[in-house]
Structure formats: structure tokens, C-alpha cells
Amino acid sequence: MISALTAAVPDRPTPSRRTLALLVTPIVVLVVASTVGDALTTTWAQDHPLALITLNARNRVLVLTTNQLDALPYYLVGTLRLLVSDPLFYLLGMFYGDNALAWMERKAPTYGDLLRRVERFFGKAAYPLVFVAPNNYICLFAGAAGMPIAAFLLLNVSGTMLRLYLIRVVGATFDSPIQSVLDFFARYRFQLLALSIVLVGVSVWTERRKGKGEIGEILDLEAELANPGSGPLDEGDEEDA
């Protein structure tokens, strides 16, 4: 299957298996770091905010920690942590096109229809989407569509910094409620830590029961793209034929 998104980019570089491993391995590390950050949020949000956003820079974590950090470390570490995975997904899309898109749809079957709609819309609004919402899916689409890397980086970095600024504004506006949440975390530190670990463990276990979990899916990606003639991608191609 060749999607409309990738049809305009017929000639793609063929990276080595080593290059693929260099792209996939840090993604796995980042997934593990985010999972650890989820478990430590209630404990580290107030005491170790910079270390926490180094592990996990989700919006909720950034909101909880922004008032605990000076502007320079907040913007520097927050920007680097948010950006670090984006070029990896961009390169996966650029190198592997439709195979990478098919993997992304299987990885998130709940959002499969949404992803297909976004994919169709991406051709009309690629640049605004990368600026406003440079998540893993959008970065993969940008690479698959052949967006120039300079434009991708400019939009990605500027959009990420705007996002951090807006979160900083939210933090300043709602300082008192955020502090109340942090005080609650401090008061029930050990109970919440135990609960967080249990919830993260249950989430990981549930994902494993339903399939292979996020890490397993990423490792599957490496195997499938390194051997494009076998595996689940072929089944999808047969259905589209």
C-alpha cells in the first residue's frame, strides 16, 4: 500500500540495520524513562522537579513543576526532553514511509481512524500541525511526507517553546491550586508513591496482556522494518491489495 502522504516521495534512502537500531534504541529508553517518571511524579514533583521533567515531560508534569523551577532550567531541560524523540520519529517516517505508517496505526488501534483522518488532513496543513502538535504521530507523518528537515526543526522547536511558555503562564495563573496539589503529595508521600507504582505496574501488565506493550511494539517495529518482506506488515498489504 502507498498512501497519499508518501506517494510524492518515491525514492527513499535505504538505511542499514545499525541505523534502524540507533533510531529505535533511544525510543525504548525514553519510554522506560517516561514510565519511571509516571511512578515518581507524586514524590518528585516538589522535591526533584528538574529530574522529573528529565524523565517525563508530559503536560501534567510540566504544570506541576513549572513553579518549582527557574525559567532557564525549565525551558532548557523541558525543550530538550520534549524534542529528543521528535527527530527519531521524523527519520523513521522519512526512511520507511508506508511501513512506518502501518506500524503506527497498529501500535495505536484505538486511534486508528483518527490517525487516518489526520494523515489525510496532514497534506493540507502539515506546517501548522508540526508547529501546534509535534507529537510522535505528527513527526512520523512529517518524515513520511518528505517535509524538509530544516522546516521541520524550525516548526518543531518554535512550537515546543511556545507550548512551554503557555504552560508557564498556566502555572503562574493557577499557582495556589497547584501548590495545594503538591502539599497533598507531600502529606501522603509514601502512600501515593506505593499507589503510583501499583498503578503503573497494572497499566504495564494490562498492556502486556492485550499485546506486547509499548516497548514490545517498538521492538516489533525494528524487526519488521529490518525484514520488510515478513511479518504483520504483509498481512496488511494483502488486505489492501
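Using alpha carbons only, what's the Rg to Rh ratio of region 27-94 with Rh from Kirkwood?
We get a ratio of 1.01 for region 27-94.
Go through 44-52, 180-188 and give me the packing order, highest mean Cβ count within 10 Å leading. Please report the intermediate quantities before stating the final value.
Values: 44-52: 18.8, 180-188: 13.8.
Sorting 44-52, 180-188 by mean packing, highest first, produces 44-52, 180-188.
Using the Karplus curve 6.51 cos²θ - 1.76 cosθ + 1.60 with θ = phi - 60°, what ³J(HN,Hα) values do you get for each residue of region 189-201, in whole Hz, with x for Gly and Pro?
Running phi through 6.51 cos²θ - 1.76 cosθ + 1.60 with θ = phi - 60° gives 3, 6, 5, 5, 4, 4, 5, 4, 4, 5, 5, 5, x Hz.
Sorted from largest to smallest, which semi-axis lengths in Å does the alpha carbon gyration tensor of region 43-158 give for its equivalent ellipsoid, taking the root of 5 times each eigenvalue?
Numbers: eigenvalues 171, 49, 28 Å².
Values for region 43-158, descending: 29, 16, 12 Å.
From Cα pairs below 8 angstrom and at least 6 apart in sequence, can you work out the relative contact order of region 28-186, rounded to a whole percent?
29
Starting with the highest mean, order 16-24, 93-101 by the number of other Cβ atoms within 10 Å, averaged over the residues of each peptide. Before the final figure, lay out each step's value.
Details: 16-24: 14.1, 93-101: 23.4.
Peptide ranking by packing, descending: 93-101, 16-24.
The numbers here are math on the coordinates, done by the rules we state, and not lab data. Note that the structure is a prediction, hence the values are computed from the model and not measured. Every residue, glycine as well, gets a Cβ built from its backbone with ideal geometry; the counts of neighbours run over all protein chains shown.
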